[in-house]
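The values are calculated or read from the model by the stated rules, or taken from the named source; none is laboratory data. Everything numeric here is computed off the predicted structure, so don't read it as measured data. Because the Cβ atoms are built from the backbone with ideal geometry, glycine has one as well, and the counts that use them run over all protein chains shown. Note: areas computed on protein heavy atoms with side chains; ligands, DNA, RNA excluded. Shrake-Rupley method; radii C 1.70, N 1.55, O 1.52, S 1.80 Å.
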Amino acid sequence: MKFQKNESIIDRLIRIILSSVLFILAFYWSHGVLQIILYILSLIMLATAISGFCALYKILNISTKKKSDEPISKIIISIFVVLFMAILIGGIYFSNFFTKKIFIEDYNQMNQYYKQTLFYTGQDKRIEAVDNYKKLVIEYNIFKSKYTQYHPYAVSLDKEFNNDLTKVSILIVNLKDKVTTGDLKSAHVDLEQVRPIFQDILKRDGFSMLAITLVDFHDTMEKIISTADAKDVVGTFAVYGEVSDKLKAVEEVVNDSEIQVIRIKLEELLVLAQNNKPLELSAKAAELKNAFVKVYLKRG
């Protein structure tokens, strides 16, 4: 059965663009039922664009196609082609970049409590170990719940990913008695087994340890930038140690000239705080952030 076209050329071009947007949202940003819905909508947009017929228009007795539709100029077609390619290529690039970045941020949010629990169990400090272990359980459950269902593109082909998340979950849960009332040294040894599992995940799926440490550094760097922007000399000096420690973690992975620039800018910021020059803090903080962004965009 042949349907009469009821879409104008512009309408059809817009549908092609919408189809690509919906596909990118489904592929990179969704999971479960929402992902299926977005894929279906993307297919509908593409099919109606190709056929020039919209069933909903037919039901509502609407048509964007004029009886005397004139051919669209090459300029307009070129604009749509450029726009389509920009959305498609840009959407794929930025979706891949930011879903990967968000994954690393979520990982670091959970991993900070893992590292603290590991540290305090090794130091045989019960109160601190228990406090961080409880936070680790909460954060890991959030992380596991999210990424068991949703696989960003970076881990989408990793067949061992969900199994590894389950292995880590079992290890963490089984540590409860040792951490709360048992042998902390033994808990520390057991907790060490988590690290290689995540290292394998990150290596398998193309995450560099530099990217992980850079994201971790970024969160603390923002603290010193905030104090500098507020011309708070005391606050800048107070948070320097924490920021410096995070940067050391980056330097342990890579310490080339670009990373050294970040260190130089951070030390210059410290000197300004030590010399009580609040009016110069903000500009130097901007230099620090620019040095970081240059590295992160290229290598993070």
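Observations
Each row is one residue, and each column tells you yes or no for (1) modelled with pLDDT of 90 or more; (2) hydrophobic (A, V, I, L, M, F, W, C); (3) closer than 30 Å to Phe207 by Cα.
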site: Asp11; (1), (2), (3): yes, no, no
site: Arg15; (1), (2), (3): yes, no, no
site: His31; (1), (2), (3): no, no, yes
site: Ala47; (1), (2), (3): yes, yes, no
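- Against the conditions (1) at pLDDT below 90; (2) open to solvent by 60 Å² or more (accessible area, probe 1.4 Å), Lys125 satisfies every one except (1).
- Just so you know, in the range 199-226 the residues that are farther than 15 Å from Lys265 by Cβ and among the β-branched types (Val, Ile, Thr) include one that is modelled with the highest pLDDT, and it is Ile201.
- Selection of first residues in the range 271-300 that are on the phi > 0 side of the Ramachandran plot and of second residues that are aliphatic (A, V, I, L, M) and open to solvent by less than 90 Å² (accessible area, probe 1.4 Å), restricted to Cβ pairs under 6 Å at least 6 apart or on distinct chains, gives the following pairs, ordered by first then second residue: Asn276/Val233.
- Counting only helices (runs of 4 or more DSSP H) wholly contained in the range 1-86, the ones carrying 2 or more residues that are among the β-branched types (Val, Ile, Thr) and open to solvent by less than 50 Å² (accessible area, probe 1.4 Å) occupy 9-29.
- Subset of the range 174-192 that is of a type in the set (A, V, I, L, M, F, W, C) and under 30 Å from the mean Cα position of the chain (by Cα) - its residue that is farthest from Leu118 (Cα to Cα): Leu175
- Taking the criterion of being touching a helix residue (DSSP H, G or I) at 6+ places or on another chain (Cβ under 6 Å) and in a helix (DSSP H, G or I), the residues of the range 222-236 that qualify are Lys223, Ile224, Ile225, Thr227, Ala228, Asp229, Val233, Gly235, Thr236.
- Test: Glu242 is touching a residue at least 12 places away in the same chain (Cβ under 8 Å) and of a type outside the set (Phe, Trp, Tyr): yes
- Residues (part of a helix (DSSP H, G or I), more than 17 Å from the chain's Cα centre (by Cα) and more than 16 Å from Phe198 (Cβ to Cβ)) located in the range 138-168: Ile138
- Taking the numbered list (1) of a type in the set (Ser, Thr, Tyr); (2) over 22 Å from Leu297 (Cβ atoms); (3) in contact with a helix residue (DSSP H, G or I) (Cβ under 6 Å, 6 or more places away or on another chain) in turn, Thr181 passes all entries but (3).
- Answer residue from the range 134-170, given it is aliphatic (A, V, I, L, M), modelled with pLDDT of 95 or more and surrounded by 16 or more Cβ atoms within 10 Å (Cβ to Cβ) and is nearest to Ile24 (Cα to Cα) among those: Leu165
- Among residues of the range 214-243, those that are open to solvent by 20 Å² or more (accessible area, probe 1.4 Å) and β-branched (Val, Ile, Thr), counted: 4
- Some residue of the range 213-224 being farther than 30 Å from Val168 by Cα and not β-branched (Val, Ile, Thr): yes
- Residue satisfying all of: in the range 256-288; open to solvent by 20 Å² or more (accessible area, probe 1.4 Å) and of a type in the set (Gly, Ala, Ser); farthest from Ala228 (Cα to Cα) among these: Ser257
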